[in-house]
Amino acid sequence: MQLLDGKFLSAQVKAEIKAEVDKIKAEGGKTPHLAAILVGNNGASETYVASKIKSCEEVGFKSTLVRLPETTSEAEVLSHIEALNNDADIDGFIVQLPLPSHISENTVMEAVAPEKDVDGFHPINVGRMCKGLPAYISATPFGILEMLKRYNIDTAGKHCVVVGRSQIVGLPMGILMQRNTAPGNATVTICHSRTHNLKEVCQSADILIAALGRPEFITADYVKEGAVVIDVGITRVVDESKKSGFAIKGDVKFDEVAPKSSYITPVPGGVGLMTICGLMTNTLLASKKAIFK
Ligand code: NDP
């Protein structure tokens, strides 16, 4: 078993981005600038946004945080989006999900200008990705592809099972794994809560990507000997022994699955760190106008 080490890889990717940013600045170019809109006080969202801002500092980007109260109306959020769309200094921005229930996530995602949609959630970016055209690829699938690539994991002809079909993780992951490129060319099965015989389907996976948000759901009996196991799940569970009062759990029962797998991502220290690298890479691409000319 080999660990897919997100800590090591993310440091490597960030160092590469920083070297490029340093060069842009040395040549008198514009500093890449990422903005984030955070609505409300969701604890996990606060943590994610804080680490995105910290990562901006690490790679030499400018960052701006637009913090809005829980009671902000959808119209007010849309007007902040409009302002960022029109702000020439902002290369890309994200609206941290989830949003309070009175705000439609689809309406918000569609309001972000596609050329600044560094989360890759706008239908134009999703559609372009499906067609294999240049697009911002959503950060988590992007980070997973980067891990597979940097560990030289051969995916061609392999059976890849993705558990979860969300718009931001499962669905794009499945589409990307079947593309005629590397990593890709896998035979993909996307599973969800209505899938029959989930365990048997997972047992046939050469590459198993768990993105269902059910802590430690994938136990050893779901996993084929020698499979590559990617754990996307991040769930806070109560743990009185921790200072914070909670522990972070993945969707995979690591201790029993690890000995059966050829490669496996830990949680924390795996996919989450690579997701932030996906966002940083997309922001750099936005600042270079590399996707939308
Ligand atoms: P969603 O809740 O949007 O989607 C979960 C998916 O899993 C759904 O498609 C659902 O099926 C499916 N599912 C749920 N329970 C089961 C089950 N028992 N059997 C089979 N399928 C099931 O979650 P996200 O995709 O947003 O996130 C998934 C996990 O990944 C979460 O823990 C989240 O915190 C984490 N995450 C981690 C990131 C990272 O950077 N590491 C980034 C984003 C998310 P159905 O569609 O039928 O409801």
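The values are calculated or read from the model by the stated rules, or taken from the named source; none is laboratory data. Because the structure is predicted, anything quoted here is derived from the model rather than measured. No Cβ is skipped: glycine too gets one built from the backbone with ideal geometry, and neighbour counts run over all protein chains shown. Accessible surface is based on the protein model in full, side chains and every heavy atom, while ligands, DNA and RNA are left aside. Shrake-Rupley method; radii C 1.70, N 1.55, O 1.52, S 1.80 Å.
Yes or no, residue by residue, for (1) among the aromatic types (Phe, Trp, Tyr); (2) touching a Gly at 6+ places or on another chain (Cβ under 8 Å); (3) away from the ligand (no atom under 14 Å from the Cβ):
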{"site": "Lys199", "(1), (2), (3)": "no, no, no"}
{"site": "Ile218", "(1), (2), (3)": "no, no, no"}
{"site": "Tyr222", "(1), (2), (3)": "yes, no, no"}
{"site": "Ile234", "(1), (2), (3)": "no, yes, no"}
{"site": "Leu273", "(1), (2), (3)": "no, yes, no"}
{"site": "Ala286", "(1), (2), (3)": "no, yes, yes"}
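From (1) free of Cβ contacts under 8 Å to residues at least 60 places away in the same chain; (2) open to solvent by less than 10 Å² (accessible area, probe 1.4 Å); (3) within 30 Å of Thr219 (Cβ to Cβ), pick out the condition that doesn't hold for Pro183.
(2)
Find the helices (runs of 4 or more DSSP H) located wholly in the range 72-174 whose residues include 1 or more that are within 15 Å of the ligand (Cβ to nearest atom) and surrounded by fewer than 16 Cβ atoms within 10 Å (Cβ to Cβ), and list them. Explain how you work it out, then say what you get.
Numbers: elements: 74-86, 105-111, 123-131, 139-150.
Hits in the range 72-174: 105-111.
So, in the range 78-107, of the ones that are touching a residue at least 60 places away in the same chain (Cβ under 8 Å) and in contact with a helix residue (DSSP H, G or I) (Cβ under 9 Å, 6 or more places away or on another chain), which residue ends up farthest from Thr275 (Cα to Cα)? Walk me through it before giving the result.
As a first pass, look at the range 78-107 and keep what is touching a residue at least 60 places away in the same chain (Cβ under 8 Å): 91-92, 94, 96-97, 99-100, 103.
Adding the requirement that they be in contact with a helix residue (DSSP H, G or I) (Cβ under 9 Å, 6 or more places away or on another chain) leaves 91-92, 94, 96-97, 99, 103.
On the way: Asp91: 19, Gly92: 16, Ile94: 13, Gln96: 13, Leu97: 14, Leu99: 19, Ile103: 25 Å.
Per the criteria, the residue is Ile103.
Just give me the residues in the range 20-44 being open to solvent by 60 Å² or more (accessible area, probe 1.4 Å) and more than 16 Å from Ala286 (Cβ to Cβ), in sequence order.
Asp22, Lys23, Lys25, Ala26, Glu27, Gly28, Asn41, Asn42
State the number of residues belonging to the range 245-293 that are part of a loop (DSSP other than H, G, I, E, B) and open to solvent by 10 Å² or more (accessible area, probe 1.4 Å).
Residues flagged as part of a loop (DSSP other than H, G, I, E, B) and open to solvent by 10 Å² or more (accessible area, probe 1.4 Å) within the range 245-293 amount to 13.
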